[in-house]
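For reference, the structure is listed below as structure tokens.
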Amino acid sequence: MYVKAGVKMNTDILLREKKAGYKNTSDIPVTFAFEGELTRGIPEDIRPVVKKFPLGTDITLTEVTAIASKGMIITARETKYSDFPVVEWGADVTNRGKSDSEMLSDFAISGVLKGTEPYITTGLGDTRGENVFFRFSPEALSEEKVISPDFCRGADGASPFMTLTFREYSVHLAVGWPGKWKMVLTPTEEGVRYTLSQARFCLKLHPMETMRTPNLTLLFFEGDKTRGTNLWRKFYLKHILPTGKNGKKISPIMFLHTHMIGGYGEFEGVTTENQLEAIDTYIKKGIKPDAWWIDAGWYPCNHNWWNVGDWTPHPEQLPDGFRPIADKLHENDTDLLVWFEPERVMADSKLDYIHPEWCLKAHNDEGEEEKCRLLNYSDPDCFNFVLSLLDSHIKTGGIDIYRQDFNFVPDRYFEENDTEDRIGATENLHMQALLRLFDELRLRNPGLIIDNCAAGGTRNEMDMMRRSVPMQYTDMHIGVSARRIFHNYEMFKWIPYFRAHAKENDSRFPNNRNTDEYSYLCAMTPALTVCHDYYEGEAPFKTAKKMLPVWRKAAEYELSSDYYELTDEKSGWYAVQFHNESDGSGFIQVVRTENAEEPRKTVFPYIVPDSKYVFRNPLTNEIKRGDSLGLTGGFTFFMSKKKGEIWFYTTQKKDII
């Protein structure tokens, strides 16, 4: 059974001040070296200027600026929250001189966390393999440990989320950088030194050029790991999750689409006519989506979505662009999502032909030129072109959710276009521009939601999560619920807004898709795609009408409640609890996947002390009652494979009944 730690937030905030505070600017956790001479902090003798800026009622930004070298201005930024035990650090350096700077290296966020007996808990990001989102067991930090993505996408392989646990306290660390970062954890006599940097970085800055470090978010807490998880979730849902329409936090979204319509792959067969027909049919049959999904293939591509580089709607299939579809959707209070992949350009495509100077090239191991190009966002003309192009599509097409993908590894494109005295420059400038693009699109289009996809979830790191949500957090195990449902454990813990598909791969059904009740029970996440086709018979519509109200109620709890993992993947049983502290209500969900050999499972949810419970199963209308004392022995479930239950509950204190 989970037990609340009973530690107050103020205690954690005092802990943050003790462990991450600084008395002098020389103690600020930043390092840099010009011509190999390392500097830690911002020394008092270079006369730093300290300025504070309130960012709303709960956040204070502190900027410490100084002349670090001839013409070089360094700025370290601390963002501190008054309502959470969180501090964030980042730094940038700008060449204000008239010539190239001295060689800059060791540019990092680096400090010491004091404590004894350190343990580190890390995991995998989107590996695009069978071990996606694997969580490692805590390991003693007895020697230096280096954590870094496999490739130049911020969650490609290594997870950017980790927990450092001392005997006295714990701290969550989360990296913000869409490229390839490197975290080095080094045991010291006092505790652990952390050093976060761009993995490849040793360069001269051109005049008026700015380079920056990755950002680091630290959340300090005492108590058990469940308490730490829920502190993080509360912080994330309040301060990180982007806003949507009317400035409100993004709410649960149910999507519909026409995947592989017309016998073509992906969305290559999309036409104005079949989209309008599908929308009308779904609504007439009693299912109205929150948003309509149009993914890859809507542009001229010879019915092969991979061929990108001409971002105009197909002139024959979508002669009036997206506007007729958007108008139909908006009449029915439904949003439009459209997929783009602007960074990747195919060789000999329209954009490659018109602007070859913007298209970075790379070569494979055999020395052959790759068929993909990388659009060079560090070129101001290129950046402005992309910004204007996307902004125009959003406005003229009536797009409410901009979905950006990134389906190839960019490492060699950056490396081959760096010079010996500019190692890491192309990546740094590109990633700055990528984040600036998202910021500018949201500024120009208030209420715009950005869906961040990069061959799945390979860019699900903090800088992107501040600006977007991962509607496709991985391409792995879609339709394989026995694996995919356990991805939820890492997602609910670190990135609590994400999407799942209500489908199970099954060759007995049309398009290999089974959309029964079990498929919905395995897709109880904040966003959901209903996967049956509009032209199917009544059965899948009947199931959807039954399951969607259950999903929506669960999704609301998932975005407002504490989260408890009640099993692990090894058992094959999936079990979670979401409990709303404000009114004592919530739900418990248990699923027996086909990998669960034991037919019986007992789980131990969090129990509100001295309370009476009323449980209701919305799928069977069963009602059960109990009290705290009787429930401490756990809940035992007995069910067949590929079955699940969900029980919503309310509580009342005994003394008011």
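The values are calculated or read from the model by the stated rules, or taken from the named source; none is laboratory data. Please read these numbers as outputs of a predicted model, since none were measured by experiment. Cβ sites come from the backbone with ideal geometry, for glycine too, and all protein chains shown count toward neighbours. These accessible areas exclude ligands, DNA and RNA; they are computed on the full protein's heavy atoms, side chains included. Shrake-Rupley method; radii C 1.70, N 1.55, O 1.52, S 1.80 Å.
Could you check D365 against (1) in a loop (DSSP other than H, G, I, E, B); (2) in contact (Cβ under 8 Å) with a residue 24 or more places away in the chain and say which number it fails? The one condition D365 does not meet is (2). Of the listed requirements (1) surrounded by fewer than 19 Cβ atoms within 10 Å (Cβ to Cβ); (2) more than 27 Å from D295 (Cα to Cα); (3) within 25 Å of the chain's Cα centre (by Cα), E415 misses just one: (3). Considering segment 227-268 alone, what residues qualify as being touching a strand residue (DSSP E or B) at 6+ places or on another chain (Cβ under 6 Å) and of a type in the set (F, W, Y)? Those that are touching a strand residue (DSSP E or B) at 6+ places or on another chain (Cβ under 6 Å) and of a type in the set (F, W, Y): W232, F235, F255, F267. Which of the residues belonging to segment 123-164 are hydrophobic (A, V, I, L, M, F, W, C), in contact with an Asp or Glu (Cβ under 8 Å, 6 or more places away or on another chain) and not in a strand (DSSP E or B)? Result: V132, F133, F151, C152, A155.
Residues of segment 611-631 being exposed (fewer than 13 other Cβ atoms within 10 Å of the Cβ) and either at positive phi or more than 35 Å from the chain's Cα centre (by Cα) (or both), which ones?
First, the residues of segment 611-631 that are exposed (fewer than 13 other Cβ atoms within 10 Å of the Cβ): 620-625, 629-630.
Result: N621, E622, I623, K624, R625, L629, G630.
When each of D475, D379, D400, D391 is tested for being under 30 Å from P207 (Cβ atoms), open to solvent by 10 Å² or more (accessible area, probe 1.4 Å) and either in contact with a His (Cβ under 7 Å, 6 or more places away or on another chain) or touching a residue at least 40 places away in the same chain (Cβ under 8 Å) (or both), the lone residue that passes is D391. Counting only residues that are charged (D, E, K, R), within 25 Å of F151 (Cα to Cα) and out of contact with any helix residue (DSSP H, G or I) (no Cβ under 8 Å at 6 or more places or on another chain), segment 459-514 holds 7 of them.
Among the residues of segment 268-298, just one is of a type in the set (S, T, Y) and open to solvent by less than 10 Å² (accessible area, probe 1.4 Å), namely Y282.
Counting the residues of segment 158-198 that are free of Cβ contacts under 8 Å to residues at least 60 places away in the same chain and in contact with a Lys or Arg (Cβ under 6 Å, 6 or more places away or on another chain) gives 1.
Among the residues of segment 635-643, are any of a type in the set (K, R), touching a residue at least 12 places away in the same chain (Cβ under 8 Å) and in contact with an Asp or Glu (Cβ under 7 Å, 6 or more places away or on another chain)?
Yes; the residues of segment 635-643 include at least one that is of a type in the set (K, R), touching a residue at least 12 places away in the same chain (Cβ under 8 Å) and in contact with an Asp or Glu (Cβ under 7 Å, 6 or more places away or on another chain).
For segment 151-188, how many residues are under 30 Å from Q404 (Cβ atoms) and of a type outside the set (D, E, K, R)?
21
Go through the residues of segment 259-274 one by one and say whether even a single one is among the small types (G, A, S), touching a Gly at 6+ places or on another chain (Cβ under 6 Å) and part of a helix (DSSP H, G or I). Yes: one or more hits.
Only residues that are touching a strand residue (DSSP E or B) at 6+ places or on another chain (Cβ under 7 Å) and polar (S, T, N, Q): list them for segment 410-445, please. Of everything in segment 410-445, those that are touching a strand residue (DSSP E or B) at 6+ places or on another chain (Cβ under 7 Å) and polar (S, T, N, Q) turn out to be N417, N428, Q432. Could you please find all residues in segment 300-313 being open to solvent by less than 40 Å² (accessible area, probe 1.4 Å) and either farther than 16 Å from C382 by Cβ or out of contact with any Asp or Glu (no Cβ under 7 Å at 6 or more places or on another chain) (or both)? The answer is C301, D310, W311, P313. Could we say that E536 is open to solvent by 10 Å² or more (accessible area, probe 1.4 Å) and in contact (Cβ under 8 Å) with a residue 40 or more places away in the chain here? In short, no.
Check segment 482-500 and report whether any residue there is small (G, A, S), out of contact with any Gly (no Cβ under 7 Å at 6 or more places or on another chain) and open to solvent by 10 Å² or more (accessible area, probe 1.4 Å). No, that holds for no residue. Does at least one position in segment 337-358 carry a residue that is within 26 Å of S468 (Cα to Cα), open to solvent by 50 Å² or more (accessible area, probe 1.4 Å) and modelled with pLDDT of 95 or more? Checked segment 337-358: no residue is within 26 Å of S468 (Cα to Cα), open to solvent by 50 Å² or more (accessible area, probe 1.4 Å) and modelled with pLDDT of 95 or more. Scanning segment 392-412 for residues that are β-branched (V, I, T) and either more than 20 Å from the chain's Cα centre (by Cα) or farther than 22 Å from W306 by Cβ (or both) yields I394, T396, I399, I401. Segment 9-98 holds strands (runs of 3 or more DSSP E) entirely within its bounds, and those carrying 3 or more residues that are without any contact (Cβ under 8 Å) to a residue 12 or more places away in the chain and either out of contact with any helix residue (DSSP H, G or I) (no Cβ under 8 Å at 6 or more places or on another chain) or small (G, A, S) (or both) map to 49-54.
Of all residues in segment 281-302, none satisfies being touching a helix residue (DSSP H, G or I) at 6+ places or on another chain (Cβ under 8 Å), over 24 Å from R442 (Cβ atoms) and of a type in the set (F, W, Y). Of the strands (runs of 3 or more DSSP E) that lie entirely inside segment 395-510, not one contains 2 or more residues that are under 30 Å from L104 (Cβ atoms) and of a type in the set (A, V, I, L, M). Of all residues in segment 20-57, those that are modelled with pLDDT of 95 or more and of a type in the set (D, E) total 3.
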